[in-house]
There are 2 protein chains.
Amino acid sequence: MEILQKRIKVARGELPADLVLHNARLVNVCSGECYPADVAIVDGVIAGTIVQGDTSVPPYRGKAERDLQGKWLAPALIDGHMHIESTMLILSEFARLVVPRGVTTVILDPHEFANVMGVDGIRYVLESGRGLPLTSYVTLSSCVPASEFESPYRPLFVDDLAPFLADERVLGLAEMMNIPGVLCGDEQVLAKIQATLQQGLVVDGHAPGIYGQNLCAYAAAGMMSDHECTTPDEARERLRLGMWLMIREGSAARNLEALLPVIKELHPPRAFFVTDDRDPQDLTTRGHIDSIVRQAIAYGLDPLEAIRLASYNTAQYFRLYNRGAIVPGFVADMVVLDDLSTFQVESVYKDGVLVAAEGALVTAIPAQATTMSAQMEKSIHIGNISLEEIRIPGQPGLIEVIGIEPGQITTLRLHEEAPYDHGEIIADPTRDLLKLVVIERHHASKRIGSGLVKGFGLTRGAIASSVAHDAHNIVIAGASDDDILRAAHVLQEMGGGFVCVVDGSVRAAVPLPIGGLVSPLPAAELVQQLHTLDAVASELGCTLAHPCMTLSFLSLSVIPSLKLTDQGLIDVETFTRIPLQR
Amino acid sequence: MEILQKRIKVARGELPADLVLHNARLVNVCSGECYPADVAIVDGVIAGTIVQGDTSVPPYRGKAERDLQGKWLAPALIDGHMHIESTMLILSEFARLVVPRGVTTVILDPHEFANVMGVDGIRYVLESGRGLPLTSYVTLSSCVPASEFESPYRPLFVDDLAPFLADERVLGLAEMMNIPGVLCGDEQVLAKIQATLQQGLVVDGHAPGIYGQNLCAYAAAGMMSDHECTTPDEARERLRLGMWLMIREGSAARNLEALLPVIKELHPPRAFFVTDDRDPQDLTTRGHIDSIVRQAIAYGLDPLEAIRLASYNTAQYFRLYNRGAIVPGFVADMVVLDDLSTFQVESVYKDGVLVAAEGALVTAIPAQATTMSAQMEKSIHIGNISLEEIRIPGQPGLIEVIGIEPGQITTLRLHEEAPYDHGEIIADPTRDLLKLVVIERHHASKRIGSGLVKGFGLTRGAIASSVAHDAHNIVIAGASDDDILRAAHVLQEMGGGFVCVVDGSVRAAVPLPIGGLVSPLPAAELVQQLHTLDAVASELGCTLAHPCMTLSFLSLSVIPSLKLTDQGLIDVETFTRIPLQR
């Protein structure tokens, strides 16, 4: 009550504001105009905006005042769907990177943490977002495990998720990837959807390649959006079915250029920008949602509409009714721009406070935001694996081989003459056939899947990753069983990450001790570590730009064609487990 | 769960729909396009829409199918703010009138019923809306009484309103007219706003003539909309402050033509149509929200945008997430149009069922929807008033006179030489000075205000109304005290309405026995009664087209300049009670 009374007084000019920004060039995403204005802020909220030149009232006065000298003032940006785990950064370091770029709100799907820690993973993401100059919300990971062929820490059922739905920072159910489950009316799947809808929250879709009646069924069942569109036709169909178009521009999956013509034609109210997955190199070079705005303007979208797609529309979808615009009563998250058409950020205000200027944070990150539980740092449990356990018994003849497609997360299903030695299938680097091993890492169950992979080009040693979508078991590709085993055990000691081992010694390592997914380091240091790793792999003959990235998708059992999990080889086309050799 | 599973099956074409509309020309307000499509409906909800010509799947099959032969299929219309009391119809008769015109959802502010019955009035409106082919929601009347100078049945405090906020048919707080209360931070006013916001509901504004810092304060305090804009500048200012523009086109207050240029320039997402107050004559001739759509198109607005302003946008504002568009998962409220640009309604579907065709309902109105409580029909309590009680003691000299402005609800403050007779101020029809009497009618308190009014032209008799904004006490204008008294007592016997009495006998009567506000008759019969009343008044010399309408606003103490309530003469400019004579 007192807050509201004070806000009213400030808006009426009866009390000084906390901050007044004079001579702004206001980017108003509600009215669709830009015009000169003064903006008064109190208690982190916009109290009033007065068009410049209105001399009928005295100008706002504030405890602090700043003359923007005609610089643009736009709502700060929102990422509508992203996985913090893809950045490999903790939230405080991520904030340090993106807040100076004008991003002050993110909606996080903690899918990877949920796979490795269950509900504690969701709780960790909620907790680690507190106290930052970045507001983070969560959509609940809907599909843990991603398929029955994957072994996460433990499956998440509706009863696991339901208690989170009342959390004010939980905005809905994240990408419903279980399309077969939806289409066949699976009760556990529908229960998650219904519980979310009953709470008045949103259900994000994930519908690659779905169209026509199946897409109708998917939308009619409650899915409200899709971030998997890659063509204008797909985008148009989703808009026609009332689904919100999440235009994704990630590091690997980049859909902005293809989808923008639909925005320019229809100007649909139901569209906004998301990054989904951005890796740390990309974040430090291209940027985040700010880069999408820049790119969209460069492709010819009106700057105001581009900003609206990165602020107001996103807030509307998520029912964040007081975010995404600079109007009275809204949260005062704002960016000052030196230039509108290139979205050159001069400074950033969060809750009405200057938090970034000239590309750097000017506010302290509270210490508790960087601490994490011991549980998060002790998430790799494989026990002591012996050479015997990673042997592949077999015989001469054709075997199934996973074929890498450079730059893709899809793979090919190849058939090759087995490299064979004394009753055993072995690696043969001379034919670019490496041994691929996936070790269950949550419960030290010693469940191990193994096979061969072609396309790395590695001639010696082994590389290993504890980032291995979506269950994040340990995945290792190597030319030698000794190095494979060593790499696995090194990862366990590090608490996870990436490692490259040759002749028993670690040649490069990227520790990701938090859940085996994320580094505690600042982005620049992490990027340097990743660069070293790639360079070492390259020296060892690896022909892939980012071999650990490739590695991390080889166990994702929902992306075609042939994958390997701790449960064995998975033919994703038929969705069955298949033997290495017939 | 079963409903969702069935819906999915229907959407996939695995089960027949309840209804399939083939060959529609779909008006898609989500994508902003019109195109040929088939639409499948099950359990009152859209299951799927398939673009015609998609031969990759067999067409939808239904238990019922209809070939629309290329006719337009648009979302049915929504009125975002109206007072059912202004139509003088019960909801079932109102539905009979407007559903065939394509209106299937209304948001009602039961402000008049709330004035005459308190919370029972709100409850009555909620109850009487059940079972109709028209969905009615309620916004809670925020300002009962409209001012301290009015005497409603009883004031409504936040504790009276709060229990309704959990009702799923209550969407928010209705027009917050107490602008001074908001601007001075009145605790009772802010408590109503906060209780509404805490429930996640909307707060409607009402901000005539407010601008600049005061409008900022009003918006910052929580008011999200305004339906009192009359100029493009006002409309633009509200949009710039993030307020939703309710474009009102009522019977008296008509703002569409003035505001439409702003819509055509900015295409704002935050705008929609409302009627506010439409009288029965206007409803039966011009129509309802359909007439606004027609008029907007005639003024050059794109038909699709006009329909969006009367459906999707309204639903978005009120957070009715599954209404206002023909997309999967949405309520199947639809109109078939013979012609789009003239909005010629051929038939209407409500919850997927044909409810109107060729201008008439084809569904039965359930009997219980027309019954009402005895309490509603016994709402006039003035007791037995004597001639002595309506005498105006006075002396010769100037007196205050309310001057009528034909066609306006504002009045003039006149000063005239008092018609005087033996210590008493009397009527003098030769100078068009009638006696005006307001009798408190809720509790038979015998609190009576009296004065003189100029502008009716009535030469004999008296006319009386129990519709008397906003407290709805009895208001009577007459040339003779005997007829004034007779008219008051006749109204009490009728349970309210309008009456014209000459020489002690009733010459015309429009009974409005429900709360003294509304008739149980069909619209056509009511209109006939009103027509007769106007004709009789005209015969008696009345120069006003609708004298009872004029009468009903003479006690509204918040509209300038001079008004009369049961508490006496009110100078609305200074907001004080003033004596008739100094």
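Each other copy places its own label point for B:VAL353 at 5.7 nm from this one, sorted shortest first, where the point lies 7 Å along the Cα-to-beta carbon line. Along segment A:46-62 the Karplus relation, 6.51 cos²θ - 1.76 cosθ + 1.60 evaluated at θ = phi - 60°, assigns HN-Hα couplings of 5, 8, x, 10, 10, 4, 5, x, 6, 9, 6, 10, x, x, 4, 10, x Hz to successive residues, with x for each Gly and Pro.
If R₀ is 35 angstrom, what is the calculated FRET efficiency for the pair B:SER505 and B:ARG286, using the beta carbon separation as r and rounding to 0.05?
Efficiency, from the Cβ-Cβ distance: 0.50.
Since only B:ILE41, B:THR55, B:LEU126 are under comparison, the one whose Cα sits farthest along the positive direction of the charge dipole of segment B:1-128, derived from C-beta charges on Lys, Arg, Asp and Glu, is B:THR55.
Mean partner shielding of peptide A:184-191, defined as the number of other chain Cβ atoms within 10 Å of each residue Cβ, is 3. Once a ≥ b ≥ c are taken as the square roots of the eigenvalues of the Cα gyration tensor of segment A:436-524, is the result rounded (a/c under 1.5), prolate (a/b larger than b/c) or oblate (a/b not larger than b/c)? Because a/c hits 1.5 or more and a/b fails to exceed b/c, segment A:436-524 counts as oblate.
If you take the square roots of the eigenvalues of the alpha-carbon gyration tensor of segment A:1-101 and sort them as a ≥ b ≥ c, do you get rounded (a/c under 1.5), prolate (a/b over b/c) or oblate? Here segment A:1-101 falls in the prolate category.
Charging the Cβ of each Asp and Glu at -1 and of each Lys and Arg at +1, and nothing else, the dipole of segment B:179-310 about its Cα centre rounds to 260 debye.
As a proxy for reagent exposure, ranking A:LYS378, A:LYS454, B:LYS435 by other Cβ atoms within 10 Å from fewest up yields A:LYS378, A:LYS454, B:LYS435.
Look at the dipole of chain A built from charges on Cβ: of A:SER555, A:PRO16, A:ALA356, the Cα furthest out on the positive end belongs to A:PRO16. Counting only residues at least eight positions apart within a chain, or on another chain, the aspartates and glutamates with an alpha carbon under 13 Å from that of A:LYS446 are A:GLU388, A:GLU389, A:ASP566. If we count other beta carbons within 10 Å of each Cβ, what is the order of B:HIS227, B:HIS422, A:HIS442, fewest first? Ranked by crowding around the Cβ, least crowded first: B:HIS422, A:HIS442, B:HIS227. For the protein assembly as shown, the residue among A:ASN384, B:ILE463, A:TYR299 whose Cα projects farthest onto the positive side of the dipole built from Cβ charges is A:ASN384. Distance from the Cα centroid of segment A:486-543 to that of segment A:383-402 is 24 Å (rounded to whole angstrom). Straight-distance candidates among the aspartates and glutamates for linking to B:LYS63, with alpha-carbon spacing under 17 Å and chain neighbours fewer than 8 residues away dropped: B:GLU14, B:ASP18, B:ASP38, B:ASP43, B:ASP351. For chain A, leaving out every one of the GluC sites (Glu not before Pro) that falls in a DSSP loop and has at most 16 other Cβ atoms within 10 Å, the longest unbroken run is A:359-572. In segment B:466-582, inverting the average of 1/r over every pair of distinct C-alpha atoms gives 14.9 Å as the Kirkwood radius. Label points for A:ARG577 are taken 7 Å from Cα along Cα→Cβ. From this copy to the others they lie 8.7 nm apart, shortest first. Simple point charges give the picture: +1 on the Cβ of Lys and Arg, -1 on the Cβ of Asp and Glu, and for segment B:1-108 a dipole about the Cα centre of about 200 debye. With a 10 Å cut-off around each Cβ of B:40-50, the average count of Cβ atoms from other chains is 3. In terms of Cα atoms, the Rg and Dmax of the protein assembly as shown work out to 35.0, 132 Å.
If we count every other residue with Cβ under 13 angstrom of A:GLU493's Cβ, Lys/Arg +1 and Asp/Glu -1, where does the sum land?
After counting each charged neighbour, the total is +2.
Shape descriptor for chain A: Rg over Rh equals 1.01 (Cα atoms; Rh from the Kirkwood inverse mean 1/r).
The order of A:LEU91, A:LEU190, going from fewest to most other C-beta atoms within 10 Å of their C-beta, is A:LEU190, A:LEU91. In debye to the nearest 20, how big a dipole does segment A:324-470 give about its Cα centre with +1 on each Lys and Arg Cβ and -1 on each Asp and Glu Cβ? Rounded to the nearest 20 debye, it is 540 debye. For the segment B:317-328, counting C-beta atoms of other chains within 10 Å of every residue's C-beta and taking the mean gives 3.
Let me check I've understood the local charge: for B:GLY209, count other residues with C-beta under 9 angstrom from its C-beta, Lys and Arg +1, Asp and Glu -1. What total comes out? Summing Lys/Arg as +1 and Asp/Glu as -1 gives -2.
Coordinate-derived values only; no laboratory data. In this text the structure is predicted, and so the values were computed from the model without any measurement. Quick reminder, even Gly has a Cβ in these numbers, built from the backbone with ideal geometry, and neighbours come from all protein chains shown.
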